[in-house]
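Quick notes on the structure that follows.
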Amino acid sequence: MSSYENEIKRRRTFAIISHPDAGKTTLTEKFLLYGGAIALAGSVKGKKTAKHAVSDWMEIEKQRGISVTSSVMQFEYEGYCINILDTPGHQDFSEDTFRTLMAADSAVMVIDASKGVENQTRKLFKVCVMRHIPIFTFINKMDREARNPFDLMEEIEEELGIQTYPVNWPIGSGKEFKGVFDRKKREILAFTANNGQREVDSIAADLNDTNLEKLIGSEHYHTLVDDVELLDGAGYEFDMEKVNTGQLSPVFFGSALTNFGVEPFLENFLQMTTPPLSRNSDIGQISPFDEDFSGFVFKIQANMNKAHRDRIAFMRICSGKFEKGMEVLHVQGGKKLKLAQPQQMMAQEREIVEEAYAGDILGIFDPGIFSIGDTLCSPNRKMVFEGIPTFAPEHFNLVTQVDTLKRKQFVKGMTQIAQEGAIQIFQELDSGMEEVIVGAVGVLQFEVLEYRLKNEYHVDIRMSGLPYQYIRWIENKDVDVNSLDLMSGTKVVQDLKGNKLLLFSNSWSIQWALEHNEGLELAEFSR
Ligand code: G4P
């Protein structure tokens, strides 16, 4: 195998998804510790501050430096080159969180064993399903009282519509957590609580070992034997093909905080998950082994400092080898440019990248020329990657300008910020931009909008909440929106590109619209 091929095959690029507090940060940190990328636990991000419901945008800005660096992390582990993409949670939850999943080749879903499937996981999961990427589940916090593992499996299967295959199975939980049974090796890894904080020992023991009953106690032993029999007899079979297409999720139990089950998870995961995948473009699938360079922008991070209007565009490399200073074609802009100082995030520090391959993420300086989804490629070929969908916002505000004389700045600011992908703007059909409906995936985006309009465009705005909760794109191109039969609270609007949409205040009015308008097709994403 050539070294070029080898560089690509050893890469693993994945996103970690979870509901806030399930343990994503703790697990990521443990991965980085194993990879030697950090030396101390607790150093991934300013967790305490990040967790506060910060309403002051300046505070968030101060933390930007931290969250930028931790949004993509690269490290080496046993010959693998790993890129972890963080999907921001809490207040930071935005469309970027969804878009990040477009750059990943697989996803790790962290679930709190006492809570099961929670809202944010459910939302992010939908994007994984849409992309058919492999999904691995880590059921965390087994050192705390957990729900019955069979119930958890059932919930994942029913709520998320994916089959599960437990690679290991827990023995008790909380104070009674004795370890996990490895179904392939047919042995157990024993967990001994050590103040709950320290690393724990793993002791291998056979299921038929007479000492096992003594080690984990008679009750746990018999439950385990019964559980394993049930799993082997009635559970789904392991099928790598189904894992690869996101239909079956390998499940692991453990405790990130006490370091239990993290290393076996990482090792199994790295073996099972996929190297960089091919990507769709207008000239067909682009293989990561294709020697011509190509990549696409999936996220744009605006610099909040108004002295520097620059932005960082995050690009996922899809093929070819990147070399510092190389010239690429920005297809949508129709211009060649030199990538002189792209940055890569090596765990905590930003580094100037000398070379990079398919699967890697580069942070490139953006003087305001890139849009989400743009393609960059070798100048000798012209191609466009499949676009990144627009995701349905869930929060809506009516925005009006305070000083109507500043209309020009208002329109410019609103349009530019929407083009960056931070917010989405909608208008009533045939109306001007006196008032605009702004939709966002996370509520923080409204604060960002207000702050940026004031500081960058010198425009004050007034915002009032709107009762809508759901938005759907009308897929039928030929439909006459004025003749649709809709409930009184449903509103017809259009987006920046002129696509028609419906705004609903509740989920049953969506159903009503579908039932009363034969052939109407509504979508949660817009391509
Ligand atoms: P997140 O990124 O998904 O939001 O979760 P994070 O890792 O920050 O974990 C949330 C809380 O859960 C943290 O506690 C963390 O220590 C705890 N935690 C994570 N994994 C485990 C686990 O396996 N077992 C137990 N018992 N707890 C776990 P915190 O008190 O909110 O924060 P901190 O003071 O520990 O930083």
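FYI, it's all coordinate maths here, none of it is from the lab. These numbers come from a predicted model, not from an experiment. All Cβ positions, glycine included, derive from the backbone under ideal geometry; neighbour counts span all protein chains shown.
What pairs in Lys30/Lys214; Lys126/Lys477; Lys9/Lys338; Lys126/Lys299 have C-alpha atoms more than 23 Å from each other? The answer is Lys30/Lys214; Lys126/Lys477; Lys9/Lys338. Overall form of region 470-518: oblate. Here a/c, set by the Cα gyration tensor axes a ≥ b ≥ c, is 1.5 or more, and a/b is not larger than b/c. Each part reduced to its alpha carbon centroid, region 123-170 and region 412-464 end up 37 Å apart. Comparing region 199-308 with the 2.2 N^0.38 Å rule of thumb, its C-alpha radius of gyration ratio is 1.73 (two decimals). The lysines within cross-link reach of Lys184, meaning a Cα-to-Cα straight distance under 19 Å and a gap of 8 or more places when in the same chain, are Lys242.
In summary, the helical segments of the chain meeting the span-like criteria, namely a full DSSP H run, a Cα extent along the axis of 18 angstrom or more and a mean Kyte-Doolittle hydropathy of at least -1.0, are 57-71, 119-131, 218-234, 407-420, 444-457.
The calculated P(r) of region 395-523, using every Cα pair and 5 Å bins from 0, goes 2, 10, 21, 22, 18, 12, 9, 5, 2, 0 in percent. Helices in the chain, meaning DSSP H runs of at least 4 residues, each add -39500 (n - 2.57). Divided by all residues, the mean residue ellipticity at 222 nm is -8500 deg cm²/dmol. For the chain, the mean projected area of the C-alpha convex hull, equal to one quarter of the hull surface, is 26.5 nm². Amide hydrogen proximity for Ile16: with H placed 1.01 Å from N in the peptide plane, the residues at 5 or more positions away or on another chain lying under 5 Å are Leu85, Thr87, Val108. Positive-end ranking of Met240, Ile461, Phe396 along the dipole of the chain, with charges on Cβ about the Cα centre, is headed by Ile461. Applying a threshold of 21 Å to the alpha-carbon distances of Lys336/Lys382; Lys141/Lys175; Lys406/Lys500 flags Lys406/Lys500 as lying beyond it.
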